[in-house]
Amino acid sequence: VLIQGRLLIDAERLPEPGWLRVEGKRISEMGQGEPPGKPDAGAADVLISPGFIDAHLHFPQFPIVGSDGLTLLDWLRHVVFPAEETWADPIIAERQARAAVQRLLRSGTLGCAAFLTSHATALAAASRALEDVPLRTIAGRVLMDREGPDALLQAPTPSFFDLPESAPARLSVAVTPRFAVSCSADALRFAGEVGRDAWVQTHLAENLAEVELVRCLFPDAPDYTTVYDAFGLLHRQTLLAHCVHLAEDEWALIAKRQSVVVHCPQANTFLQSGLFDLDQAREHDVRLALGSDIGAGCDAAMPRIARSMIDVAKLRRSTVAPKAHVPTPAEAWTLTTRGNAEALGFDDAGRLEIGAAADLLLLRPPLEIDEYLISRLLHTWEDDFIVGRLIAGRWLDSQIGPRS
Ligand SMILES: [Zn+2]
């Protein structure tokens, strides 16, 4: 397939007119100027971008997006847990997982790391939802054995995180302790053992009441981050959502373990959790990713999450931290593509280069191509800027159903 368009190779630079060729699941050739033949897709005024990657969200929480008014612990109890309980029915679980995948594709998200629920059938539901659509996904059945409704609490068993045999190749599993509040020491020990050489995803220090509760539940631990570290849960394949309320030592420990901090700016605002300290992350050279955290975040579109990241940094700078770094649109945009791909180990995604996965978006925004292009894309994003979606070399648009 030969595609014509301006190539968004580097968000810091104006995209040059050019073309690329896709063979099988990969980009096989790229060039500047006129395409070497009649293009099969694209046009001179189309932008070609790598697909977006979302480093943190919850498949079962799409139905409750936008349920405002509570802070984290009450919101979990009154809004999230009742929604997650519906996944006890495998038919509902599969239907919701399919709807979640459709929603992501509509917004151009072609890879993600997702929490499911604690049910034994959750991974099977996600597997079936991903059978027809090769969305690259790291997903985990949620481990929680206390501080929640009985219907969601499960003691871990040896096969707790096993993928069904029929799982599609682009689905990999993550050991997913919900957070220290809802996991006993036994559960975290189990997670640390099975997660030693695997993806691990959890939440850390999102909200002050949660931090205080962890202090009560783990009185011997010097801080929240050490709770996870003591069970071997912090390593290069660990994704730590939020990290809003961390002490200096905790930042240093995360940096030392090379774990990834997943900033979820919109969710932090929605639940009134606090202002993420991007400066600490930068000073400690912590690996950073960006997540929608649906359903605490309300937008599936990663450019809007990138905008929220900039908004939060501006808000911090204009109030409590006058020297705060405000990311440029190009920095934030790059996180939603290459940055998140690298954080999730999708090393051949999030980039336009020969040999990279053909997980691509064709965009036709009503915008001038000038130095503000990325800035305007990000600040005015609409999903209908997307006029084509290619995933593993396959056009997907006919498979995306109507808005539901
Ligand atoms: Zn979350």
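Brief remarks on what is shown
- Candidate set: region 129-175, residues that are charged (D, E, K, R) and under 24 Å from residue 218 (Cα atoms); chosen: the one surrounded by the most Cβ atoms within 10 Å (Cβ to Cβ): 141
- Taking first residues from region 31-60 that are under 26 Å from residue 382 (Cβ atoms) and partners that are of a type in the set (Ser, Thr, Tyr) and away from the ligand (no atom under 16 Å from the Cβ), the Cβ contacts under 6 Å between residues at least 6 apart in sequence or on separate chains come to 50/337; 52/336.
- Residue 215 modelled with pLDDT of 95 or more, out of contact with any Pro (no Cβ under 7 Å at 6 or more places or on another chain) and under 28 Å from residue 124 (Cα atoms): no
- Of the residues making up region 267-288, just one is within 23 Å of residue 376 (Cα to Cα) and within 13 Å of the ligand (Cβ to nearest atom), namely 267.
- Members of region 293-321 that are buried (at least 21 other Cβ atoms within 10 Å of the Cβ), in a loop (DSSP other than H, G, I, E, B) and away from the ligand (no atom under 16 Å from the Cβ): 301
- Cβ-Cβ contacts under 6 Å between residues 6 or more apart (or on different chains), taken from a first residue in region 213-237 that is without any contact (Cβ under 8 Å) to a residue 40 or more places away in the chain to a second residue that is part of a helix (DSSP H, G or I) and of a type in the set (Ser, Thr, Tyr), are listed as 214/224; 234/228.
- Looking across region 215-234, just one residue is of a type in the set (Val, Ile, Thr) and surrounded by fewer than 18 Cβ atoms within 10 Å (Cβ to Cβ), and that is 226.
The values are calculated or read from the model by the stated rules, or taken from the named source; none is laboratory data. Since the model is a prediction, treat every value here as computed from it, not as a measurement. Note that we place each Cβ from the backbone using ideal geometry, even for glycine, and neighbour counts take in every protein chain shown.
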